[in-house]
1. Considering only residues that are loosely packed, with under 13 Cβ neighbours inside 10 Å and either assigned to a helix (DSSP H, G or I) or polar (S, T, N, Q) (or both), which ones fall in the stretch 17-33?
2. Given the criterion within 26 Å of the chain's Cα centre (by Cα), assigned by TED's automatic domain parsing to the domain that holds Ala254 and more than 29 Å from Pro6 (Cα to Cα), identify the matching residue among Thr95, Thr82, Thr75.
3. Taking the stretch 1-15 as the search range and keeping residues that are within 15 Å of the ligand (Cβ to nearest atom) and open to solvent by 50 Å² or more (accessible area, probe 1.4 Å), which one is farthest from Gly338 (Cα to Cα)?
4. Could you go through the stretch 21-28 and let me know if any residue there is more than 17 Å from the chain's Cα centre (by Cα) and farther than 18 Å from Tyr280 by Cα.
5. Is it fair to say Leu90 is within 16 Å of the ligand (Cβ to nearest atom), assigned to a helix (DSSP H, G or I) and touching a Pro at 6+ places or on another chain (Cβ under 9 Å)?
6. So Lys272 fits all but one of (1) open to solvent by less than 60 Å² (accessible area, probe 1.4 Å); (2) closer than 21 Å to Gly28 by Cα; what number is the exception?
7. Against the conditions (1) within 30 Å of Lys329 (Cβ to Cβ); (2) modelled with pLDDT under 95; (3) outside any loop (DSSP other than H, G, I, E, B), where does Ser14 fall short? Just the number, please.
8. Mind listing whichever residues of the stretch 169-196 are more than 19 Å from Ala242 (Cβ to Cβ) and either assigned to a helix (DSSP H, G or I) or free of Cβ contacts under 8 Å to residues at least 12 places away in the same chain (or both)?
Amino acid sequence: MSNFQPFVMERLMSKWENLVDYNLSESGVHPATVRDLIPDPDQIERLLSTEFVYPQANGIPELRERIAALYPNATSAHVLVTVGCIEANLISLQTLLEPGDEIAVMAPNYLQIWGAAQNLGVSVRTFDLSSDQGWALDVDSLNRAVTDQTKVIAVCNPNNPTGHIMSSSEMDAVVAAADRVGAWLLADEVYSGTERLTDEKTPSFWSRYDKVLANNSLSKAYGLPGLRVGWIVGPPDVIDAAWARHEYTTIAIATLSNQLAAIALEPDMQQKLLKRTRDYIRRGYPIFEEWMRSHGDLFSIVPPDASAIAFPRYTVDVNSTTFVEQLIKEKSALVAPGDHFNLDHHLRISFGLQPDYLRGGLERIHAMFEDLAN
Ligand SMILES: Cc1ncc(COP(=O)(O)O)c(C=O)c1O
C-alpha cells in the first residue's frame, strides 16, 4: 500500500460513533429530520416524483443560486456543490497545489487539510492560535509560517476545536500574509452560523481578498450532516478547475440531496435551521459548563465563541488517546482526544445535544475520571 497519512480522528469516529451508548465526539448539533425540512405534504408529493437522474454535476441551478446569495457579489458560476465540506477541502487542495508546494495551516485545527496536503506531497507548515491569549491568532507565528514558497494559507474560522472566532484584525493579518506572498486563502467556514453569544453570522473571508476559496456545508450550522452537501465559493475559473476534480471524486451529490439542500437554503427555512442550531448550542453549553465546574480545577477552558464543541484542558496525568480508548471500552462513550488536534491533555466534547443524552454522556466521562483517580 502507498505511504499514507490517515485522518486519525475520522478513523476513530467512523469506527465508534454509531456503536457507543453516548457519542459526544460529533462537532455539530443533534441533527434535524426530513420532517423538519419538508413539513408540507404537497412538497412530499413533489419529492416522491423525483427521478433519480444524474443531477447537474456541479449542483442544481436553484441550489447554486441560493448558495451564491450567501456571499456578496457571488453568482452561481462562483459555486461548486460538493459532498460535504470534506470534499470541498480535498479538491480545493488538489486544484491549488502540486507535490513539492508549501501550505501554511492554522493549528489547532480539524486535521483534514493538514493530513490531505501531506498525502498530496505538499510540505505543511503550521501557525498557531494561542491558548494563553484566548485562542487568538499568533500573528508572529503566522508570519513565520508563511514564506515566499507558500501557495496556500488554510484557516478554519470559527475554529474547530477551540470555537474561536477571528476578530477583524486577525482576519486582516491573514489576508496581509497571503497578499505578501501572493498565496491563496483556503477558508473552512463550516462553523459560521453556530455563534453562541451573538446572532451575527461570522463573516466570510470571501470578498476580503481576490484569491479566496470559501468552503462550507450544511452539516454544522444547519444541522444536516447526513445530507452530505457542501460547497466551494471562488473565482469561476478556479471553480471550473475544481469541478474537473469533482468529476473524478464523486461526479455529483445525490439527486435528493440537491433538492433538499435547496429547500434548506430557502430564506425562511435557513433562519429556522440556524435558530434550531443556536438553541441547541445555547441550551447545551450551560449544562456542560456546570458539569465541568463541578470537577473543581480538573478542567480549564476558554469558552468557545461558536460551535457545539468544548475543548477543555485537564490536569490528570493520562494521555488523551489512552483516556478515550478506555472511555469507549469501559463506559461506551466517545469524545475526541486532544491528540487528534496535536494537543494532548485536552478532550473535545460536544454539547449541542439533547439535554438528557448530554447529561448521560458527561456522567460516563465523569465516571472514567473517577476510576482513574482511584
Ligand atoms: C472544520 C471542518 N471542516 C469540514 C468538516 C467536514 O464536514 P462535512 O463534510 O460534513 O461538511 C468538518 C467536520 O467535522 C469540520 O469540523
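The values are calculated or read from the model by the stated rules, or taken from the named source; none is laboratory data. Source: prediction; values computed, not measured. So basically every Cβ, Gly included, is an ideal-geometry build from the backbone, and we count neighbours across all protein chains shown. Protein only, heavy atoms only, side chains kept; ligands, DNA and RNA dropped before computing areas. Shrake-Rupley method; radii C 1.70, N 1.55, O 1.52, S 1.80 Å.
1. Across the stretch 17-33, the qualifying residues are Asn18, Thr33.
2. Thr75
3. Among those that are within 15 Å of the ligand (Cβ to nearest atom) and open to solvent by 50 Å² or more (accessible area, probe 1.4 Å), it is Ser14.
4. yes
5. So Leu90 fails the test.
6. Unmet condition: (1).
7. (2)
8. Of everything in the stretch 169-196, those that are more than 19 Å from Ala242 (Cβ to Cβ) and either assigned to a helix (DSSP H, G or I) or free of Cβ contacts under 8 Å to residues at least 12 places away in the same chain (or both) turn out to be Ser169, Glu170, Met171, Asp172, Ala173, Val174, Val175, Ala176, Ala177, Asp179, Arg180, Val181.
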